Every structure is written in C-alpha cells, then in structure tokens.
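S.K.: There's a structure below that I have some questions on.
The values are calculated or read from the model by the stated rules, or taken from the named source; none is laboratory data. Not measured: the values here are computed from a predicted model. Glycine gets a Cβ as well: all are built from the backbone with ideal geometry, and neighbour counts include every protein chain shown.
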Amino acid sequence: MNEMERISRAAAVIENACGKADIAVVLGSGLGNYAANLPEERVIAEISYGDIPGFPRATVAGHAGKFVFANIAGKRVAFMCGRFHSYEGHPMADVVLPVRVLNRMGVNTLILTNAAGGVNTSFTPGTLMLIEDYLNLSGKNPLTGANIDELGPRFPDMSRVYTPALRQIALQAAGELGIPLRKGVYCMMSGPTYETPAEVRMVRILGADAVGMSTVPESIAAAHCSMEVLGISCITNMAAGVLDQPINHAEVMETGKRVEKEFSALMTRILEKIDIA
C-alpha cells in the first residue's frame, strides 16, 4: 500500500464513522478538555485512532487519542484530541498523516494549538500566542523523500504558512472577548528533552518567542496541501534559563487547565467567525 492509498483508506473510515467536516482543530497538551467539555448535544460522533487503519497511537499524557466531530455555530468541526510527535518514534509520514487525511476528506481550514515554553521574557505562563511564523530546528521535514504530487508541489512556498485572514479573525475574536493574544514566532526543537538554557538563548537571538516539540510538521504538511492554517500556542511554562526553576510536564498540564476557560472562549469565538462559504 502506498502513502496515498493509506491516506485515502483512513479518510474513508473516518468519514464513514463521523461524516464530513468543515474545519479541523488539533488540540495540544493540556488543551484537550475543550472537546471533552463540549455539550452532549453538540457532539456528532467520535472515533478512536485505534479504529483508523494506518493510524499510530498517541502516547503522551494529555493526548486522548481520538477524533471528536462536533457542531459549532452551524459548522462541522473535527477535533483531533492528541497528536503524534517524532520524539515518540513516529516517522514524519505518521506525524502528518492526520493532516493529510483531513485534507483528503475535504477539510481546507486547520487550526493548530500547542503547549509551548516561553522564550520571550515578557511572556508569563498562561499567555496565549498567535503564531505568525516558525523556525524549524528539529532537523526534520515531513516532505523529505519522494513528493506526493496529488498533495502538492515538490517545492512549496512557506512565506505565508499561517493564513493572514485567519490570524486577523483570531485577533478580532480575542479583542471582542478581552483576552490578551500576543503575537510571535514558534520554534520547534526535536525533543523529548526540554531545551537547555543555551539553546533557549540561541533561539531567542534567532527571533523565537516560544519553543516546543510539535506543530511545525503539521504546518508544513498543511501548507503543502494548500490548506488555510491558524496556529495558537499556550505558554504553559517559561523555557529553561528564563526562570531559576526546573521544567516538568505536570506544570504544562496544570497551566493548560488554568487557562482552559479563556482558551475555550477564544476557540469558540474563532470558530464562530470563520466563514466556510
């Protein structure tokens, strides 16, 4: 089975179980409760990754490992509750498989969220950051290898990965709700170790405002497929060396829980404002 056959087979199984979707949202570490807390009447269907042929398993705490399809403001939204990371041992083709499957199902608008470490010293844990651009320092790219021409060109443009119109919608939504939404550059490192203080100083010099271990491969795959992309980081901790204290995943989860109400309100307002016509 080639990669397009794997993508098409997974798309058919999801669509048979859950139907079509207009928008897809990837919920990062500590942010999965958005889908879990949806009113029952809004939920259309669910499917576990384990029931989708060719899908790997999510192994990180805070990643439920399923799709939840829901009706939000008259739009069908596919929530991806948990993502795959290369540091778990997944090849890049598996990391971006869900994005390609969603695109195959006709989804053209993708919202990516993540938990990230604050590199910008003006940030504090709980800050929400609108991703304007990225730095890929992971040493990995999901487009390495033979190009899948059905998905996109060999050399895709990356000058506007995060769609300006969607970024404006997010800023308008935050302003209407009175939620501070900072703007910045997200840097991906390979993980699974947290970054060293020296690495954090380096990425700050290079122009990063936040650092994490995900999102960039999905952004690249989505741009390759010509999808409209919005990215939001929740700064769940300050990166190494910013504060004189150790970093741990429990802090990431705790901060995600603390900003849950703001994040949920912002996500709902963004979904309401996106025009799918």
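S.K.: Considering only residues that are closer than 19 Å to Ile23 by Cα and not β-branched (Val, Ile, Thr), which ones fall in the range 84-106?
M.R.: Leu97, Pro98, Arg100, Leu102, Asn103, Arg104, Met105, Gly106
S.K.: To continue, here is another question. I'm checking my understanding of the structure. Among residues of the range 1-21 that are in a loop (DSSP other than H, G, I, E, B) and surrounded by fewer than 18 Cβ atoms within 10 Å (Cβ to Cβ), which one is nearest to the chain's Cα centre (by Cα)?
M.R.: Top of the filtered list is Lys20.
S.K.: Return the residues of the range 227-247 that are more than 10 Å from Ala116 (Cβ to Cβ), modelled with pLDDT under 95 and among the β-branched types (Val, Ile, Thr); say none if nothing qualifies.
M.R.: Within the range 227-247, Val242, Ile247 qualify.
S.K.: Which residues, counting only those in the range 119-162, are in a loop (DSSP other than H, G, I, E, B), surrounded by 16 or more Cβ atoms within 10 Å (Cβ to Cβ) and of a type in the set (Phe, Trp, Tyr)?
M.R.: Phe123, Tyr162
S.K.: If a residue must be assigned to a strand (DSSP E or B) and surrounded by 18 or more Cβ atoms within 10 Å (Cβ to Cβ), how many such residues does the range 24-57 contain?
M.R.: First pass over the range 24-57, keeping only residues assigned to a strand (DSSP E or B): 24-27, 43-48.
Pick out the ones that are also surrounded by 18 or more Cβ atoms within 10 Å (Cβ to Cβ) and you get 24-27, 47.
Of the residues in the range 24-57, 5 are assigned to a strand (DSSP E or B) and surrounded by 18 or more Cβ atoms within 10 Å (Cβ to Cβ).
S.K.: Sticking with this one: Filter the range 182-196 down to residues that are surrounded by 19 or more Cβ atoms within 10 Å (Cβ to Cβ) and of a type outside the set (Phe, Trp, Tyr) and give me whichever is farthest from Tyr134 (Cα to Cα).
M.R.: Looking at residues that are surrounded by 19 or more Cβ atoms within 10 Å (Cβ to Cβ) and of a type outside the set (Phe, Trp, Tyr), I get Glu195.
S.K.: Output the number of residues of the range 98-118 satisfying the condition of being farther than 19 Å from Gly32 by Cβ, in a strand (DSSP E or B) and hydrophobic (A, V, I, L, M, F, W, C).
M.R.: 0
S.K.: Taking the criterion of being touching a residue at least 40 places away in the same chain (Cβ under 8 Å) and hydroxyl-bearing (Ser, Thr, Tyr), would at least one residue in the range 32-41 satisfy it?
M.R.: yes
S.K.: Select from the range 180-226 the residues that are of a type in the set (Ser, Thr, Tyr) and at pLDDT 95 or above and write down the one among them that is nearest to Ser122 (Cα to Cα).
M.R.: Tyr186
S.K.: Among (1) within 28 Å of Gly191 (Cβ to Cβ); (2) at pLDDT 95 or above; (3) in contact with a Phe, Trp or Tyr (Cβ under 9 Å, 6 or more places away or on another chain), which single condition is Lys66 missing?
M.R.: (2)
S.K.: Moving to a separate point now. Do we find a residue being within 15 Å of the chain's Cα centre (by Cα) and surrounded by fewer than 22 Cβ atoms within 10 Å (Cβ to Cβ) anywhere in the range 98-108?
M.R.: The answer is yes, given that some residue of the range 98-108 is within 15 Å of the chain's Cα centre (by Cα) and surrounded by fewer than 22 Cβ atoms within 10 Å (Cβ to Cβ).
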